[in-house]
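Shown next, in structure tokens, is the structure this report addresses.
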Amino acid sequence: MRVKMILPALTEASSPFFRPIKYSLFPPLGLATLAGYLDPDDDVTITDEHVQKVDLSDEPDLVVIQVYITSARRAYELADHYRARGAYVCLGGLHVTSLPDEAAAHADTVFCGPGEDTWPRFLADLRAGRPAPRYVSAERTLAGLPPVRRDLIDRRRYLVPNSIVVSRGCPHVCDFCYKEAFFEGGKSFYTQTVDAALAEIDRLPGRHLYFLDDHLFGNARFAGALFDGMRGMGRLWQAAGTVQSVLRPGLLEKAVESGLRSLFVGFETVNTGNLAEQRKWQNIDRDYGQVIRRLHDHGVMVNGSFVFGMDQDDPSVFERTVEWAVGQGIETATFHVMTPYPGTRLYARMEKAGRILHRDWDRYDTRTVVFKPARMTATQLEDGYWRAYRDFYRWRNIARGAASKPTLRGKARHAAYAGGWKKFEPAWDVVIRAKRAGAALPLLESVLSGFGTRPAGARAGRPAEMPAEMPADRPAAGRGERPAGDTPVTIAETRLS
């Protein structure tokens with residue numbers, strides 16, 4: 001059987017001017033995982049449209065397309081094209097799970113939820129000549145997962161070819177997150193066995209790893225055992241975690257000893273009132289300054305995630321958020337316009353209130369306002385989002401953040417990482433188009449290798465003051481998903497689907 005798997009490009013990743021490195025960070029791990037279930041004599045290819053063109057002249061028997069909200073239009077175009085050529089077309093992913101009837105108009109079969117149980121069942125049905133039009137996941141386990149087909153991935157095209165997922169979902173429930181819709185009908189958080197995860201890590205070449213799990217620290221027992229097993233492997237790795245996990249005694253120390261060098265943390269908001277509104281319970285009553293100090297004291301870089309447009313936000317939120325993040329010495333920040341994805345509680349609440357402006361999925365990209373904000377205009381929200389990015393990554397603010405580091409080497413590493421991520425995007429475009437993103441991996445490893453050691457003495461200077469409405473014993477801020485990239489769905493969207 002000739003099988004073609006496609007990850008269509010997100011709308012914002014198709015700029016003719018330049019392509020930010022975030023779109024060439026990770027290979028399509030979900031599709032490569034599904035490919036592991038195919039028979040050895042199946043002829044299978046994986047096309048990631050972020051880094052290569054889709055050959056539309058071929059004639060596969062089976063086409064499998066992973067759909068995210070801002071790639072839905074392109075995914076449906078590809079699906080319609082291949083159906084017209086006689087191929088059997090399958091659609092799955094976050095967007096398909098949220099709107100299966102919409103997707104079904106463009107597919108022979110759609111998949112709702114994770115694919116570990118439904119995909120093997122579909123393959124058996126297909127070979128028996130009786131595939132169903134819809135498969136809905138119910139059984140949740142990673143036991144017996146076949147090895148990921150990394151041989152189908154061109155490592156040269158990605159800065160982080162060694163991406164890995166050892167769990168599914170997240171133990172928390174936030175209103176703006178896709179997770180509850182995606183995992184409806186079964187467990188919404190589960191892990192591999194520690195031995196299976198270590199075996200997958202051991203198969204990966206080189207030193208660097210990126211855990212794409214929504215919350216690698218979500219099961220403290222599993223995470224602690226995993227970090228114990230990784231100690232001595234000589235790995236350098238990055239991941240996503242919560243403020244709650246950072247403050248858990250002993251767990252961060254184990255992570256650092258096993259190679260943690262950078263952590264994506266969803267602070268989300270500088271307004272404490274927003275946290276309860278979005279059911280971000282795990283962030284309430286946490287000292288966010290302590291979180292950052294604890295990470296920095298262990299030599300771990302911080303990628304802080306912030307969401308603008310929650311109902312307690314007014315036009316002052318952008319400047320206050322940037323000022324706080326810079327003053328805390330956060331190395332990189334990702335900002336998002338709050339986006340009510342279909343299938344989430346946030347979407348349902350806003351739809352009921354008549355606040356959804358349209359359903360043009362191309363614009364649900366966390367950079368465009370698609371709802372009526374409560375305390376500012378849509379223009380103010382969108383302009384403030386872009387201003388926050390511009391201001392955080394100004395050279396003077398990069399220098400201010402670097403100055404918070406106690407050593408000269410620490411200051412240099414901060415400036416190199418923060419500047420390299422955002423200030424040289426046109427240069428990254430040249431590397432991506434030359435299919436040499438992977439050639440920059442040694443540089444990334446070199447920067448990361450300088451972290452992970454405890455600075456001598458206390459952190460230089462005192463932390464920036466909290467915003468006015470933040471009592472000193474309250475969190476200074478409140479992504480989730482997303483992932484390691486600039487959208488709050490980045491991490492979640494790499495799940496098997």
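The values are calculated or read from the model by the stated rules, or taken from the named source; none is laboratory data. Since we're looking at a predicted model, the values are computed, not measured. Using ideal geometry, Cβ is built from the backbone for each residue, glycine included, and neighbour counts are taken over all protein chains shown. Just the protein is used for accessible areas: all its heavy atoms, side chains included, with ligands, DNA and RNA removed. Shrake-Rupley method; radii C 1.70, N 1.55, O 1.52, S 1.80 Å.
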* So which residues in region 55-84 are within 24 Å of Tyr37 (Cβ to Cβ) and among the aliphatic types (A, V, I, L, M)? -> Leu62, Val63, Val64, Ile65, Val67, Ala75, Leu78, Ala79
* **region 342-381, residues that are of a type in the set (Lys, Arg) and more than 20 Å from Phe182 (Cβ to Cβ)** => Lys352, Arg355, Arg363, Arg367, Lys372, Arg375
* For region 123-135, does any single residue satisfy the condition of being in contact with a Pro (Cβ under 8 Å, 6 or more places away or on another chain) and crowded, with 19+ Cβ neighbours inside 10 Å? -> no
* **Criterion violated by Arg83 - all others in (1) closer than 25 Å to Tyr341 by Cα; (2) assigned to a helix (DSSP H, G or I) satisfied** => (1)
* Of all the residues that make up region 367-394, how many are over 23 Å from the mean Cα position of the chain (by Cα) and assigned to a loop (DSSP other than H, G, I, E, B)? -> 7
* Structure fact -> Taking region 196-219 and the residues there that are open to solvent by 10 Å² or more (accessible area, probe 1.4 Å) and not in a loop (DSSP other than H, G, I, E, B), the one that is nearest to Val302 (Cα to Cα) would be Tyr210
* Say whether the condition of being open to solvent by 20 Å² or more (accessible area, probe 1.4 Å) and out of contact with any helix residue (DSSP H, G or I) (no Cβ under 8 Å at 6 or more places or on another chain) is met by at least one residue in region 319-330. => yes
* Of the residues in region 161-185, how many are assigned to a loop (DSSP other than H, G, I, E, B), aromatic (Phe, Trp, Tyr) and in contact with a Lys or Arg (Cβ under 9 Å, 6 or more places away or on another chain)? -> 2
* Asked: Right, Ser188: modelled with pLDDT of 95 or more, among the hydroxyl-bearing types (Ser, Thr, Tyr) and touching a helix residue (DSSP H, G or I) at 6+ places or on another chain (Cβ under 7 Å) or not?
  -> no
* Any idea which residue in region 141-160 is farthest from Ile21 (Cα to Cα), counting only those that are in contact with a Pro (Cβ under 7 Å, 6 or more places away or on another chain) and in a loop (DSSP other than H, G, I, E, B)? -> Ile153
* Asked: Do you know which of the residues in region 30-63 that are open to solvent by less than 10 Å² (accessible area, probe 1.4 Å) and of a type in the set (A, V, I, L, M) is farthest from Ala181 (Cα to Cα)?
  -> Leu62
* Structure fact -> When region 148-167 is checked residue by residue, the ones that are under 14 Å from the mean Cα position of the chain (by Cα) and open to solvent by 10 Å² or more (accessible area, probe 1.4 Å) are Val165
* Where residues in region 220-242 are in a helix (DSSP H, G or I) and in contact with a Gly (Cβ under 8 Å, 6 or more places away or on another chain), which of them is surrounded by the most Cβ atoms within 10 Å (Cβ to Cβ)? -> Met230
* To do: Please go through region 312-336 and pick out each residue that is in contact with a Gly (Cβ under 8 Å, 6 or more places away or on another chain), in a loop (DSSP other than H, G, I, E, B) and closer than 21 Å to Phe371 by Cα.
  => Gln312, Pro315
